[in-house]
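**Student:** Handing you this structure, nothing more for now.
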């Protein structure tokens, strides 16, 4: 999990945002993004057997018709690392999160499948050789909750972290 500035992380998504708007996949901002300060409590959680690396961080970027907010927290347990991100992207969902219905792909390198986390559509990926996993959760067709892990033997630590999140309350912020 590479470290970079908060604004730098959000701006990595800027080209995607502009492309999606240009192709009409995401309309120009009609709603305000939720400010990162409102998202921080959702990542300021306790995960049994894990320690927080530092205090959760976040940022909100507004530029012309583009807006993004992010809250982030990182955790460790021995050699294992987790990072939780909640992203409000343009006040609208990222289209690919809602389009996935039922997917399962397994190869010698990775396993990808859709699942449900607290009633929300999710996509989990595990790369066996790299001991890396990702869990992307679509909350209220608005928020992208992404949990990344390194040094993992399976996806259980990601699922455990996801169960600590109050996704129902987060969904309530989707106005």
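The values are calculated or read from the model by the stated rules, or taken from the named source; none is laboratory data. Quantities reported herein were computed from a predicted structural model and do not represent experimental measurements. Backbone-built Cβ (ideal geometry, glycine too); neighbour counts: all protein chains shown.
**Student:** Would you tally the residues in region 124-145 being surrounded by fewer than 19 Cβ atoms within 10 Å (Cβ to Cβ) and closer than 19 Å to residue 83 by Cα? Lay out the reasoning, then the answer.
**Tutor:** Filtering region 124-145 for residues surrounded by fewer than 19 Cβ atoms within 10 Å (Cβ to Cβ) gives 125, 127-132, 134, 140-141.
Keeping just the survivors that are closer than 19 Å to residue 83 by Cα gives 125, 127-128, 130-132, 134.
So the answer is 7.
**Student:** Looking at (1) modelled with pLDDT of 95 or more; (2) under 15 Å from residue 142 (Cα atoms), find the lone condition where residue 78 falls short.
**Tutor:** (2)
**Student:** Also, I was wondering about something else. Collect the residues in region 106-120 that are part of a strand (DSSP E or B) and either modelled with pLDDT under 90 or in contact with a helix residue (DSSP H, G or I) (Cβ under 8 Å, 6 or more places away or on another chain) (or both), keeping them in residue-number order. Steps first, please.
**Tutor:** Within region 106-120, the subset part of a strand (DSSP E or B) is 106, 110-117, 120.
Those that are part of a strand (DSSP E or B) and either modelled with pLDDT under 90 or in contact with a helix residue (DSSP H, G or I) (Cβ under 8 Å, 6 or more places away or on another chain) (or both): 117, 120.
**Student:** Of everything in region 131-175 that's part of a loop (DSSP other than H, G, I, E, B) and at pLDDT 95 or above, which residue is nearest to residue 48 (Cα to Cα)? Don't jump to the end; show me each part of the working.
**Tutor:** Initial filter on region 131-175 (part of a loop (DSSP other than H, G, I, E, B)): 131, 140-142, 151-155, 165-166, 172-175.
Right, trim to at pLDDT 95 or above and you get 131, 151-155, 165-166.
Values: 131: 20, 151: 17, 152: 16, 153: 17, 154: 17, 155: 15, 165: 13, 166: 15 Å.
Among them, the one singled out is 165.
**Student:** Can you name the number of the only condition in (1) in contact (Cβ under 8 Å) with a residue 12 or more places away in the chain; (2) surrounded by fewer than 15 Cβ atoms within 10 Å (Cβ to Cβ) that residue 41 fails?
**Tutor:** Condition not satisfied by residue 41: (1).
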